[in-house]
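Notes to accompany the following structure.
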Amino acid sequence: IFINQIRMKIGVMFGSPETTTGGNALKFYASVRLDIRRIGAVKRGEEVIGSETKVKVVKNKVSPPFKTAEFDIVYGEGVNWAGELVDLGVNHKIIDKSGAWYAYKGEKIGQGKENASQFLRDNPDVHADIERQVREACGMKQASGNEQALRQ
């Protein structure tokens, strides 16, 4: 794994003026290159507890390139799996969103994404049910025990 930083090229009229340091060798030999950027802050009240992150696949020799993903990273915890499940549940119409309120099967689970994701953390049976439905909607298999252990 190589971690690099971006520099600006001077006098670029078209294309991106951003470039990575170290010449072309890393660009040529890398199998996968990701552009990871912070796009916002995750807040609990007024306190910043994490970062909204956007990842773009710049190069990929092993699967299709140029895909993007957005997710929250909570400081001290990592990826906010419950928050991602709330977003995916809303996208697949498994969780209903009305204003700031989130509901599942007619029952309100929280006002705001943070409260809804906390509800899912506190209720693992509801979390598992929503995850199963999201996986079915996406055509994915059930999570293995190893994947579930990583999220704890």
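Every number here is computed from the coordinates shown, using simple stated rules; none is lab data. Note that the coordinates shown come from a computational prediction; the quantities given were computed from them, not determined experimentally. Cβ placement follows ideal geometry from the backbone for every residue including glycine, while neighbour counts extend to all protein chains displayed.
Near residue 36: Cβ cut-off under 14 Å, other residues only, Lys/Arg at +1 and Asp/Glu at -1. The net charge is +2. Residue-wise HN-Hα couplings along segment 34-51, as the Karplus relation 6.51 cos²θ - 1.76 cosθ + 1.60 with θ = phi - 60° gives them from phi, are 10, 9, 10, 9, 7, 10, x, 10, 9, 10, 10, x, 9, 7, 7, 10, x, 10 Hz; Gly and Pro carry x. For the chain, the longest principal axis of the Cα atoms and the long axis of helix 81-91 meet at an angle of about 80 degrees. Stretching residue 69 away from residue 35 to a fully extended chain increases their span by 11.2 nm, per 0.36 nm per residue minus the current alpha-carbon distance.
Each label was represented as a point 7 Å from its Cα along the Cα-to-Cβ direction; for residue 1 and residue 21 these points are 2.0 nm apart.
Checking every one of the chymotrypsin sites (Phe, Trp or Tyr not before Pro) in segment 1-46 against DSSP loop status and a limit of 10 other Cβ atoms within 10 Å picks out 2, 14.
Strictly over 29 Å apart at the Cα level, which of 43/67; 56/108; 54/113; 43/141; 61/113; 54/93 would you flag in this model? Violating the 29 Å limit, Cα to Cα: 56/108; 43/141; 61/113. Between residue 59 and residue 14, the contour length at 0.36 nm per residue exceeds the alpha carbon distance by 14.2 nm.
Of the residues 108, 93, 141, the one that moves most in a GNM of the chain with alpha-carbon contacts below 10 Å is 141. Considering only alpha-carbon pairs that sit under 8 angstrom and 6 or more positions apart, the relative contact order computed for segment 80-152 is 27 percent.
Taking every C-alpha pair closer than 8 Å and separated by at least 6 residues, the mean separation divided by the residue count of segment 1-79 gives a relative contact order of 21 percent.
Helical runs (DSSP H, four residues minimum) scored at -39500 (n - 2.57) apiece and divided by the length of the chain put the mean residue ellipticity at 222 nm at -9000 deg cm²/dmol. Between the amide H of residue 95 and those of 90, distances stay under 5 Å, these residues lying 5 or more places away or on another chain, with hydrogens modeled in the peptide plane. Taking Lys and Arg as +1 and Asp and Glu as -1, the other residues whose beta-carbon sits under 14 Å from that of residue 53 total -3.
Each Cα pair under 8 Å and six or more residues apart adds its sequence gap; the mean of these over the residue count of the chain is a relative contact order of 12 percent.
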